[in-house]
Structures are given as structure tokens and as C-alpha cells.
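Engineer: Below is a structure I'd like to ask you about.
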Amino acid sequence: MAGAASALLAALTETQRSRACRAFGDERRDWSFLPEPERDGLPIGALDDGQRRLAHELIVAGTSLPGYTKVVSVMAMEHVLRALAPGLANLFNPERYSLRVFGWPGDEVWGWQFAGHHVSLNFTVTAGRWVSPTPCLLGAEPASYALLAPLADDEELGFRFVNSLDAAQRQTAIIHHRPPPDLAARMVPRIGEVERPDPVFVSEPDYVISEEERDVLSYVRSGPKGIPGSALNRIQLDDLSALVGSFARRLPDDVAGAQLHELEQAGLDSLCFAWAGGTSPGERHYFRIQGPALLIEHDNTQGNGNHIHSAWRNPADDFGDDVLAEHYRRHHAG
């Protein structure tokens, strides 16, 4: 990552670097997957062909090949949206995805972000050794169109898992018959003890949940909802592991392996799986996998079940919080 980021920054003009480079601070917590009219950073559209190639090499450094395929497929879906909604062509523009680099590649602590509509990749690197890869969000609107279906595999694994549960297990796992309009944790910079979904998503004002439903669907860090891994049989636990793995394997093998190793050490039976909404493809639905160091949220609620947001976060270590705190305790006491 440091090599790819350094190569890109070296190829930029001074003006371009001023748009891309930021101090390493809390500004990196400003993350959004919405189609913002204005987005901070250096947009892809401001790069020439050689610089664009280097920008994509940085993205490749932070993703597996399947993960990179998802990212570029999500970006390609912007062309579909432009055709479906020509009046919003300027909003859905694949040239507006932006890069930001925090600190300098190879510094003791540094990070980078690639963000745009339905993409938010956030990396924090500490001591050239530890990588925090969350928040990591991908989305798709529409969920699929012709050959483009960037998150179809996540959808399929989620449906396969919930429908593998027996009647008693489903009663525990399905926490509500209606899903939230969007992610329960939304885009908060730090995940708190309790996070409640918004009652409505701006782009779909007709789908609204009540205050009581917001409580039912809320994320509670110390009180996970749904069915715990300890209540699953061996095959179901393997399927849950595969579902978690599909999110981790958006990353390069070594980074994904480190993340999965930490989860396995904590014990997959400590994870909880919660579902809301319909359990058949085409119905509005949402699922959550929660553990002490894991929060996966996947919703396909808007567009009557044809608009996906799929996020992987770490309540303890988003933006490298946990690793950075330990690093500063060890090396910068006082």
C-alpha cells in the first residue's frame, strides 16, 4: 500500500497533491457512500491516464481481485444509473470517486480512503505492519442490472444461511418482519454502545419505521440480537463463517487472513446473526452479524428490495482506533 500510494503521489502535480493529501487526524473519520454533490479529495476524473492507472494500483493494493472486481462493478453501475435517471447524470458520475491520503505513505501512522457513491474503502496503517481495513462499504443501485450484480454473492449467502435455520432458530434469528430503511449504525465515525437506524432514508420517503421499530432493530454492543453461534450446528456455523469470510475476502489474502484469524481466536460461537424482513429474494430484507470486534450490516430495503448497502466494520478498531491506542501506549507514553 505504501509503495502504491507513494508512486501515485509522486506522479501528481503540486495542485493535485494538495487536493489528495491531508494531515493524519480525525478528518479521516469523515466517510460517506452517498452521491455527494461535492466530495473532498482528488477525483478520478482529474487524473490523466497514467495517474489513473496508479490510482487503480493503489485500490488493487487494498483489495483482493474479487474485491477489486466488486469495486469497479459498483463504479460501472453509475453509468446504468445515469441512463435510468438522466436528470441526475451529474450526481451519478463515475469520474467523481475520490482519493485522500492521510499522513505520508510509510510514516509511523498513515492512511488512505477511496470513496464515492456506494464505495467507501478506509485503511489505517501503523508501524508499517498493522492494517485496519474498516469501515469498508460497498453498495449497488439497482442491486443487479443485466450482467452487473456486484453484491449478488453476499445476498445469496445471506439467504442461504437464514433459510438453513430450523423453525425455532428462525424465531430467534428474525428480530422483526420489517427491515430498517438503511444500516442501523448509519455512517457514524465511532460506533457507540447503542445505534438506532434512521426512521426513513431520504431518497425513499414512503418507507418509514416507527420509534418502536427503531428500538427493535437497533444495534446494542453489549446485548447482541438474533441467534448466537453457540446455538448453531456445525454445518450452520461453517456457513456463518463463510458469510463472514465473504466480507473479509474483499481484502488481499494476507490482510483478510489476519482479520479472520482474530475472529476465530475470539470464537465464531460468540457471533450473533440477526435478520429482519422477508426471507425470499426480491423482498426487502436486512441482516447483521455482530461480535465484540465485528459488525457486518447488509440491507436491501430501498427500491422495494433492489438497492443494497453492505458494510463491514469493527466497533473496537474502525480507523485503527484499538491498534493506534496500543501503539501510542507502548511507544509514546506521556
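Just so it is clear, none of the values below were taken in a lab; they were calculated from the coordinates. Everything numeric here is computed off the predicted structure, so don't read it as measured data. With ideal geometry, Cβ positions are generated from the backbone for all residues, glycine too; neighbour counts draw on all protein chains shown.
Engineer: So for the stretch 2-134, taking the charge dipole from beta-carbon charges (+1 Lys/Arg, -1 Asp/Glu), which of P66, S32, S6 sits furthest toward the positive end?
Structural biologist: P66
Engineer: Something else now. Pairs of Cα atoms under 8 Å, at least six residues apart: use those to get the relative contact order of the chain, whole percent.
Structural biologist: 18 percent.
Engineer: Then there's this: In the stretch 152-316, what is the volume of the convex hull around the alpha carbon atoms, normalised per residue and reported in Å³?
Structural biologist: Considering the Cα atoms of the stretch 152-316, their hull volume per residue is 112 Å³.
Engineer: Then there is this: In debye to the nearest 20, how big a dipole does the chain give about its Cα centre with +1 on each Lys and Arg Cβ and -1 on each Asp and Glu Cβ?
Structural biologist: It works out to roughly 340 debye.
Engineer: How long is the gain from T13 to Y328 if the chain were fully straight, where each residue apart is worth 0.36 nm and the alpha carbon distance is subtracted?
Structural biologist: 110.0 nm
Engineer: For G62, enumerate residues with amide H under 5 Å from its amide H, sequence gap 5+ or separate chain, H modeled in the peptide plane.
Structural biologist: Amide H neighbours of G62, under 5 Å, 5+ apart: none.
Engineer: Classify the stretch 2-134 from the C-alpha gyration tensor, please: rounded if a/c falls under 1.5, else prolate or oblate depending on whether a/b exceeds b/c.
Structural biologist: Prolate, since a/c reaches 1.5 and a/b exceeds b/c.
Engineer: Once you keep just the Cα pairs under 8 angstrom separated by 6 or more residues, what percentage relative contact order results for the stretch 152-316?
Structural biologist: 25
Engineer: Starting from the Cα-Cα distance between D40 and Q265, subtract it from 0.36 nm times their residue separation and give me the gain in nm to one decimal.
Structural biologist: 77.2 nm
Engineer: What FRET efficiency comes out for E211 versus V188 if R0 is 25 angstrom and r is the Cβ-Cβ distance? Round to the nearest 0.05.
Structural biologist: 0.85
Engineer: Now, a different point. So which GluC sites (Glu not before Pro) in the stretch 1-94 end up in coil per DSSP with only 10 or fewer other C-beta atoms within 10 Å?
Structural biologist: Passing sites in the stretch 1-94 are E38.
Engineer: If packing is taken as the average number of other Cβ atoms within 10 Å across a peptide's residues, how do 230-238, 299-307, 256-264 rank, most packed first?
Structural biologist: Per-residue Cβ counts within 10 Å, averaged per peptide and sorted highest first, yield 299-307, 256-264, 230-238.
Engineer: Follow-up. Could you tell me whether the stretch 178-227 comes out rounded, prolate or oblate from its Cα gyration tensor? Rule is a ≥ b ≥ c as square roots of the eigenvalues, rounded for a/c under 1.5, then prolate if a/b exceeds b/c, otherwise oblate.
Structural biologist: It comes out oblate by the Cα gyration axes.
Engineer: Go ahead and estimate [θ] at 222 nm for the chain from helices alone: -39,500 (n - 2.57) per DSSP H run with n ≥ 4, summed, over the residue count, rounded to 500.
Structural biologist: Counting only the DSSP helices, I get -10500 deg cm²/dmol.
Engineer: At 0.36 nm per residue, minus the direct Cα-Cα distance, what do T279 and W104 gain on full extension? Give it in nm, one decimal, please.
Structural biologist: Result: 58.4 nm gained on full extension.
Engineer: Between the alpha-carbon centers of the stretch 259-286 and the stretch 31-59, tell me the distance in whole angstrom.
Structural biologist: Using only Cα atoms to place each centre, the spacing works out to 31 Å.
Engineer: Here's a follow-up. Given axes a ≥ b ≥ c from the Cα gyration tensor, I'd like to know whether the stretch 54-196 is rounded (a/c under 1.5), prolate (a/b larger than b/c) or oblate.
Structural biologist: oblate
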